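> Structure below; questions to follow.
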Amino acid sequence: MELLARARRALNVDDDALAAHRDRIRLNFSWLGAIALSPFTVLHLVGANWPMFGVNAILVGVMLANVWALRRGRAPLIPFWTLGYLMVGGSCASVLQQGLNGVLWAYPAVFMFFFVLPRGLAMALGLVLLLSVTAASTVSLGLPLASRIFMSLGFVLIMINVVLNVVGDLQRALVAQAITDPLTGAYNRRHLQDHLAQRMAPAARVATGDAVLAIDIDHFKRINDEHGHAVGDMVLCRLVTAIGARKRGGDLLFRTGGEEFVLLLPRITLAAAQGVAEELRERLAQAELVPGRAVTVSIGISALAPGQSVDAWMHAADAALYEAKRAGRDRIVVAAAA
């Protein structure tokens, strides 16, 4: 069972680490592919090998047409899945025409599929290529050699997926480091800015309102001075855990400063946001973030008004937070309507 689980992991076609870079890869592949195949096209023309000349000429033409389109920011004139099927046919024709020399083209074709096509489609085409080349090799080279070709090409197909999974894991780890506060595990200020910029884009705006809670730990410097920074760090982590136990699935918590946090509440009314804030304030006061001592928070609430900018929205929440601290701390203040 463990071996089967590892096999499923190796063939995880939903994890496409190259998706964000595919347009650039396609352009470079089209250039290099056209250049690499052109000498062979001329060679087949001179040798009057018309079937192979036709296959190579079509492939070169398709690649050059796509270079022209991609350089102008347009969609490829010929979809790359069409090119994939042409390469499957070309590889099989090459095996039937040239024997073992033709088999060599199947290996770069497999790599090409995963670079220029979505991973699921690339895997499907890779399997089609594997079976087709094996069948053609059986006809032209015999079963013993065809079985070896099947094993080697299949191994390449599996290892490509293993490498892509490793790249995907590394990519996710780097993204997590870039957007997460290393101490508490909450999102960081950079991710807050990026998330709000995306959410406030016209295409992403929703009819229902959003609200934000600006949260600050009261007298946090005193906690550090009296108990040490290790205890202060523990308080921050416990606060994030306590908030995480209360927030909804779509709510996002960000650490924006030393003891300052922002809780983004999408699709919520102002009254409901006040209820969340009051529950958090009471929960945190009773949580004993420091043993034997109550730790309280001040919270500023701001509801997003129609047409309000991100900066104005966040400034309103900060102003409400500072008003809560000036009024004596351990309380909630709602920002005035914009």
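The values are calculated or read from the model by the stated rules, or taken from the named source; none is laboratory data. As the structure is a prediction and not an experimental result, all values here were calculated from the model. Please note: Cβ atoms are built from the backbone with ideal geometry, for glycine as well, and neighbour counts cover all protein chains shown.
> Can you tell me which residues in the range 72-96 are of a type in the set (Gly, Ala, Ser) and either crowded, with 16+ Cβ neighbours inside 10 Å or within 30 Å of Val139 (Cα to Cα) (or both)? Give the derivation first.
Filtering the range 72-96 down to residues of a type in the set (Gly, Ala, Ser) leaves 73, 75, 84, 89-91, 93-94.
Result: Gly84, Gly89, Gly90, Ser91, Ala93, Ser94.
> I'd like to know if the range 117-132 contains one or more residues that are over 25 Å from Asn28 (Cβ atoms) and not aliphatic (A, V, I, L, M). Steps first, please.
Step one: list which residues in the range 117-132 are over 25 Å from Asn28 (Cβ atoms), which gives 127, 130-132.
Those left that are additionally not aliphatic (A, V, I, L, M): 132.
Yes; the residues of the range 117-132 include at least one that is over 25 Å from Asn28 (Cβ atoms) and not aliphatic (A, V, I, L, M).
> Looking only at the range 269-288, which residues are more than 35 Å from the chain's Cα centre (by Cα) and buried (at least 20 other Cβ atoms within 10 Å of the Cβ)?
none
> Turning to a different aspect of this structure: Suppose we filter Gly99, Gly126 for residues that are out of contact with any Gly (no Cβ under 8 Å at 6 or more places or on another chain), farther than 15 Å from Met159 by Cβ and not β-branched (Val, Ile, Thr); which single one remains? Even if it seems obvious, please write down each step before you answer.
Details: Gly126 fails: farther than 15 Å from Met159 by Cβ.
Just a single option satisfies the conditions, and that option is Gly99.
> I would also like to ask the following. Within the range 240-259, take every residue that is among the aliphatic types (A, V, I, L, M) and modelled with pLDDT of 95 or more and give me the one that is farthest from Gly292 (Cα to Cα). Steps first, answer last, please.
The initial filter retains those residues of the range 240-259 that are among the aliphatic types (A, V, I, L, M), namely 240, 242-243, 245, 252-253.
Pick out the ones that are also modelled with pLDDT of 95 or more and you get 240, 252-253.
Details: Val240: 19, Leu252: 30, Leu253: 27 Å.
That would be Leu252.
> So which residues in the range 99-122 are assigned to a loop (DSSP other than H, G, I, E, B) and buried (at least 16 other Cβ atoms within 10 Å of the Cβ)? Explain how you work it out, then say what you get.
Of the residues in the range 99-122, the ones assigned to a loop (DSSP other than H, G, I, E, B) are 99, 104-105, 117-118.
Passing the criteria: Trp105, Leu117, Pro118.
> Report every pair of residues separated by at least 6 positions or lying on different chains whose Cβ atoms are under 6 Å apart, first residue within the range 266-290 and closer than 30 Å to Ile223 by Cβ, second of a type in the set (S, T, N, Q) and part of a loop (DSSP other than H, G, I, E, B).
Ala285/Thr296
> Shifting gears a bit: Within the range 299-315, track down each residue that is of a type in the set (S, T, N, Q) and over 17 Å from Val333 (Cβ atoms).
Once the filter is applied, which keeps residues that are of a type in the set (S, T, N, Q) and over 17 Å from Val333 (Cβ atoms), the range 299-315 yields Gln308, Ser309.
> Moving on. With (1) of a type outside the set (Lys, Arg); (2) loosely packed, with under 13 Cβ neighbours inside 10 Å; (3) modelled with pLDDT of 95 or more; (4) under 18 Å from the mean Cα position of the chain (by Cα) as the list, and Leu174 as the residue in question, which single condition is left unmet?
Unmet for Leu174, out of (1) of a type outside the set (Lys, Arg); (2) loosely packed, with under 13 Cβ neighbours inside 10 Å; (3) modelled with pLDDT of 95 or more; (4) under 18 Å from the mean Cα position of the chain (by Cα): (3).
> Across the range 295-334, what is the number of residues that are under 16 Å from Ile215 (Cβ atoms), free of Cβ contacts under 8 Å to residues at least 40 places away in the same chain and in a loop (DSSP other than H, G, I, E, B)?
Summing the residues that are under 16 Å from Ile215 (Cβ atoms), free of Cβ contacts under 8 Å to residues at least 40 places away in the same chain and in a loop (DSSP other than H, G, I, E, B) in the range 295-334 gives 1.
> What's the number of the only condition in (1) in a helix (DSSP H, G or I); (2) touching a residue at least 24 places away in the same chain (Cβ under 8 Å); (3) over 22 Å from Asp15 (Cα atoms) that Gly185 fails to meet?
The number of the failed condition is (1).
> Can I ask one more? Would a scan of the range 131-146 turn up a residue that is in a helix (DSSP H, G or I), touching a strand residue (DSSP E or B) at 6+ places or on another chain (Cβ under 9 Å) and exposed (fewer than 14 other Cβ atoms within 10 Å of the Cβ)? Reasoning before the result, please.
The first filter runs over the range 131-146 and keeps only residues in a helix (DSSP H, G or I), leaving 131-141, 143-146.
Next cut, touching a strand residue (DSSP E or B) at 6+ places or on another chain (Cβ under 9 Å) only: none.
No - not one qualifying residue is present in the range 131-146.
> Scan Leu96, Leu125, Leu37, Leu77 and give me the residue that is part of a helix (DSSP H, G or I) and over 30 Å from Pro144 (Cβ atoms). Can you show your working first?
Values: Leu96 fails: over 30 Å from Pro144 (Cβ atoms); Leu125 fails: over 30 Å from Pro144 (Cβ atoms); Leu77 fails: part of a helix (DSSP H, G or I).
That would be Leu37, the only listed residue that is part of a helix (DSSP H, G or I) and over 30 Å from Pro144 (Cβ atoms).
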